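Here the structure is laid out as structure tokens; the discussion comes afterwards.
Rule-based calculations on the coordinates, nothing more; no lab input. On a predicted model such as this, the values are computed, not experimentally measured, just so you know. Here the Cβ positions follow ideal geometry from the backbone for every residue, glycine too, while neighbour counts run over all protein chains shown.
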Amino acid sequence: MLTGGGFSATGSMLQIFHGEVAGATFTVSSASGPFTCGMLADGSIETYNSVTAIAINSGGFKAARTFLGGFAPSADICSGGCGVQVIGGVTLSTTDLNGVLNLKITSITVAIGAIFQLGTPGASTGFKFKFPIKLSILGGMSFVGSGGYIMLPPGSEFDIADGGEFSSSISVSIEIFDPLTGFAIGPLQALGTLISGGTFTLTISASGSVTIGGT
């Protein structure tokens, strides 16, 4: 349900069926958007208080088959902001974005056992997130480019949970940039080639200052 949309049958129950076998249920409690309810092949139900695209098959960011219901993020659907959830066992590639995510995606969550591949193999231009975003890595995130930076605007956050991992074949850094001018703000924030074995948090304030924490 998109921002501004509504559902007039609040209290209705949704239930998954496998043939004639009843599965998980969910009672609709929200009467207005944004809201997403995804019924997965394993019989589970995922709900989000946002417009959320759920990656259920390994593939590209623009490919409809990558996402539950063929719901790939797009400019019109994400005009009010949306999230992306990558479920376990799935690899979500950004190769088809050509180095820039210019959709208003406010969060990407990578579940345990999932991988988020950032960049384009062989490309030396890095990868830019045009809008502020929260990256929550419970599984794995890999930078697959051959050069450049991971570019984030102010208001962004990069979190790696305990058990999560960031990896890259080259030493890579985060560059904070001014979305109005495109110019870099402050020094580069080095990530190196591997972050694992604990937690890591990099938070960028609205002014571009950086706070780093973790264990």
Students often check this: by mean Cβ neighbours within 10 Å, which of 104-111, 124-131, 68-75 ranks highest, and how do the rest follow? 104-111, 124-131, 68-75
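How much length is gained on full extension from D96 to T203, taking 0.36 nm per residue of separation minus their Cα-Cα distance?
Details: separation 107, 0.36 × 107 = 38.52 nm, distance 2.71 nm.
The D96-T203 span can extend by a further 35.8 nm.
Using the crude model of +1 on Lys and Arg Cβ and -1 on Asp and Glu Cβ, and no other charge, please compute the dipole size for region 50-214 relative to its Cα centre, in debye to 20.
On the way: 6 positive and 8 negative charges, 62 e Å.
Once rounded to the nearest 20, the dipole reads 300 debye.
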Please compute the modelled spin-label separation between L188 and S74, points set 7 Å along Cα→Cβ, answer in nm with one decimal. 3.8
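From the C-alpha coordinates alone, can you work out the Kirkwood hydrodynamic radius of region 50-214, in Å?
Values: mean 1/r = 0.0638 Å⁻¹.
The answer is 15.7 Å.
What chymotrypsin sites (Phe, Trp or Tyr not before Pro) in region 149-210 are in a loop by DSSP, with at most 15 other Cβ atoms within 10 Å of the Cβ?
F183
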Can you compute 3J(HN,Hα) from phi for each residue in region 142-157, using the Karplus curve 6.51 cos²θ - 1.76 cosθ + 1.60 with θ = phi - 60°, rounded to whole Hz and x for Gly and Pro? 10, 9, 10, x, 9, x, x, 10, 8, 9, 10, x, x, x, 8, 8
